[in-house]
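The values are calculated or read from the model by the stated rules, or taken from the named source; none is laboratory data. What you are looking at is a predicted structure, and each value in this text was computed from that prediction instead of being measured. Here the Cβ is made from the backbone with ideal geometry for all residues, glycine too, and neighbour counts use every protein chain on show.
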Amino acid sequence: MQKLDNNQTADFIAFTLSKIETTGFVSPLKEYAQTNSENVSGRAVDSLYQNLCQGMCFRDAFLAMQIRFPALVEEILVTAIEQSILDYALAEMDKIFKTSDSDSERLTALHCLRDKYNSSSKTETICHGCLIREFENILKRVETENACEIIFEQDGEKYFKQTYIGPKVVKYTEPCHSKTYKTLLAHLKEISGQSKPIDLNGKKYTAKKIEENKFKLVREQACLSMTFK
């Protein structure tokens, strides 16, 4: 069975993400297929679109595609559609494809994302691997922005807002359910009462509770303030 490669898959994900909030999922399929009709990716997406037009459920429509998506991506898409969180899944996969430095890193992140969505209907938290990866991504932004303080806010089940304060104030808003926010907060509360450090990006950090929902993440002489509103 022929499958789309990583570049073709990433292009489709980015295109669909840019459309989904205003047009839903099916309309972008038709537009993408027409725009890329001479390409393998266009023919693959057209077969998905035709399957849906014939009345197949999403899961069967993916299975019946003439040219398939990579297995992990397909699993994530189907699960996200069934749980009405496709916009979140597309945003997270788009980020994974754009930021992963290697095939191994991308596969690990996709496995983690699949596991998170598979278990999301059964738990109020994200898996430990996803938690660590979220922490590591936050610390990468801290380094990029040279931040000394972060403020986290959750907008219902829609957006996870992060404000990085350093030489300048930089705000990020990501499509995300509340489980990420809740898990980060709960984990910091848990480890702040322990002496055991947390390993992030190959470096060991210790969490200290300053006040309710406010913490410091300490490594050697470096200190990062984290506030949850």
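Assorted remarks:
- Test: Ser47 is of a type outside the set (Phe, Trp, Tyr), within 20 Å of Cys127 (Cα to Cα) and assigned to a helix (DSSP H, G or I): no
- The residues of the range 1-15 that are among the acidic types (Asp, Glu) and either surrounded by 20 or more Cβ atoms within 10 Å (Cβ to Cβ) or in a helix (DSSP H, G or I) (or both) amount to a single one, Asp11.
- Any hit, the range 141-149, residues being under 27 Å from Leu72 (Cβ atoms), touching a helix residue (DSSP H, G or I) at 6+ places or on another chain (Cβ under 8 Å) and of a type in the set (Lys, Arg): no
- Positions within the range 145-174 being without any contact (Cβ under 8 Å) to a residue 24 or more places away in the chain and hydroxyl-bearing (Ser, Thr, Tyr), in sequence order: Tyr159, Thr163, Tyr164, Thr173
- Criterion (among the polar types (S, T, N, Q), surrounded by fewer than 19 Cβ atoms within 10 Å (Cβ to Cβ) and in a loop (DSSP other than H, G, I, E, B)) met by exactly one of Ser18, Ser27, Ser37: Ser37
- Exactly one residue out of Arg68, Arg59 is within 28 Å of Lys179 (Cα to Cα), surrounded by 14 or more Cβ atoms within 10 Å (Cβ to Cβ) and basic (Lys, Arg): that is Arg59.
- From the options Leu139, Leu200, residue that is modelled with pLDDT under 85 and buried (at least 16 other Cβ atoms within 10 Å of the Cβ): Leu200
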